[in-house]
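Everything below concerns the one structure shown next.
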Amino acid sequence: MNKETTYTACESCLMPFYKDPGVRDSEKYCSYCFKNGKFCYEGNDLKEFQKIAYNGMRGIGVNTLKAKFFTWLIRFAPRWKK
Ligand SMILES: [Zn+2]
């Protein structure tokens, strides 16, 4: 696996790491998804996670259209691949 292409975005929400304002705990996941050694959302439900991510993005001022688009993209993240 190519490290550079594999770890440039969060494997849970696909947010590019350069946009992550926090300190990452994991080299695979952003600071929103993974904190203190565990996932902030530990469930297995993509829809539920998307809801949380959407509200999170809206909470930091991402506009509706962008938030919807990024939320839709989450289904392609490695974490949610079946
Ligand atoms: Zn993430």
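The values are calculated or read from the model by the stated rules, or taken from the named source; none is laboratory data. Quick caveat: nothing in here was measured; it's all calculated off a predicted structure. Neighbour counts are summed over all protein chains in view; Cβ atoms, including those assigned to glycine, are modelled from backbone coordinates with ideal geometry.
Taking G22 as meeting all but one of (1) more than 12 Å from the ligand (Cβ to nearest atom); (2) exposed (fewer than 15 other Cβ atoms within 10 Å of the Cβ), write down the number of the exception.
(1)
So that you can scan it fast, the table gives a plain yes or no per residue for (1) farther than 13 Å from L14 by Cα; (2) modelled with pLDDT of 95 or more; (3) more than 12 Å from the ligand (Cβ to nearest atom):
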| position | (1), (2), (3) |
| --- | --- |
| F34 | no, yes, no |
| E42 | yes, yes, yes |
| K47 | yes, yes, yes |
| I52 | yes, yes, no |
| A77 | no, yes, no |
| K82 | yes, no, yes |
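So which of K51, K28 ends up being out of contact with any Lys or Arg (no Cβ under 6 Å at 6 or more places or on another chain), surrounded by 13 or more Cβ atoms within 10 Å (Cβ to Cβ) and not in a helix (DSSP H, G or I)?
K28
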